[in-house]
Amino acid sequence: MTAKRKKKAKPAKPKKRVRKQIPNRDLIRFGQEVRRRRKVLDISQEELGFRAGLHRNYIGYVERAECNATMKRVIKIARALKLRPSELVRGMRWSAK
């Protein structure tokens with residue numbers, strides 16, 4: 001009979017550093033506008049998410065400028081707020097690069 005050898009424990013992998021991105025001022029402005037329009041309708045992030053077909057956490061990410069919403073999602077949010085997408089980006093400065 002041979003004795004079973006114990007497996008050596010693998011060294012722990014170093015944790016990946018999550019690089020927090022500095023929000024773009026346009027994302028901040030967009031998020032502020034979504035929040036302002038949501039508050040005008042007196043609905044929660046959860047209700048807006050339900051109306052838009054998006055998760056409530058995603059609405060929070062957008063309002064805090066933690067993610068860059070795709071055009072498809074901007075349209076969903078605008079429809080849920082009963083607006084045109086252009087009304088959510090009104091006042092932003094545009095420049096051709």
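The values are calculated or read from the model by the stated rules, or taken from the named source; none is laboratory data. None of these values were measured; they are calculated from a predicted model. Methodologically, a virtual Cβ is constructed for each residue, glycine included, from the backbone with ideal geometry; neighbour enumeration extends over all protein chains shown.
Sort through Arg29, Arg51 and tell me the only one that's basic (Lys, Arg), modelled with pLDDT of 95 or more and either surrounded by 15 or more Cβ atoms within 10 Å (Cβ to Cβ) or over 16 Å from the mean Cα position of the chain (by Cα) (or both).
On the way: Arg29 fails: modelled with pLDDT of 95 or more.
Just a single option satisfies the conditions, and that option is Arg51.
Output the residue which, of all residues in region 76-92 that are surrounded by 14 or more Cβ atoms within 10 Å (Cβ to Cβ) and part of a loop (DSSP other than H, G, I, E, B), is modelled with the lowest pLDDT.
Checked region 76-92; the qualifying residue modelled with the lowest pLDDT is Val89.
Checking Ile43 against (1) free of Cβ contacts under 8 Å to residues at least 12 places away in the same chain; (2) closer than 21 Å to Asn24 by Cα; (3) surrounded by 16 or more Cβ atoms within 10 Å (Cβ to Cβ), only one condition comes out false. Which one?
Here Ile43 meets the rest and fails (2).
Would you be able to tell me the number of residues in region 49-69 that are closer than 14 Å to Phe30 by Cβ, among the hydrophobic types (A, V, I, L, M, F, W, C), part of a helix (DSSP H, G or I) and out of contact with any Leu (no Cβ under 6 Å at 6 or more places or on another chain)?
Total satisfying the criteria: 1.
Could you list, in sequence order, all residues of region 54-69 that are surrounded by 18 or more Cβ atoms within 10 Å (Cβ to Cβ) and among the charged types (D, E, K, R)?
Across region 54-69, the qualifying residue is only Glu63.
When you go through (1) assigned to a loop (DSSP other than H, G, I, E, B); (2) modelled with pLDDT of 95 or more; (3) exposed (fewer than 12 other Cβ atoms within 10 Å of the Cβ) one by one for Lys72, which number turns out not to apply?
All conditions pass for Lys72, except number (1).
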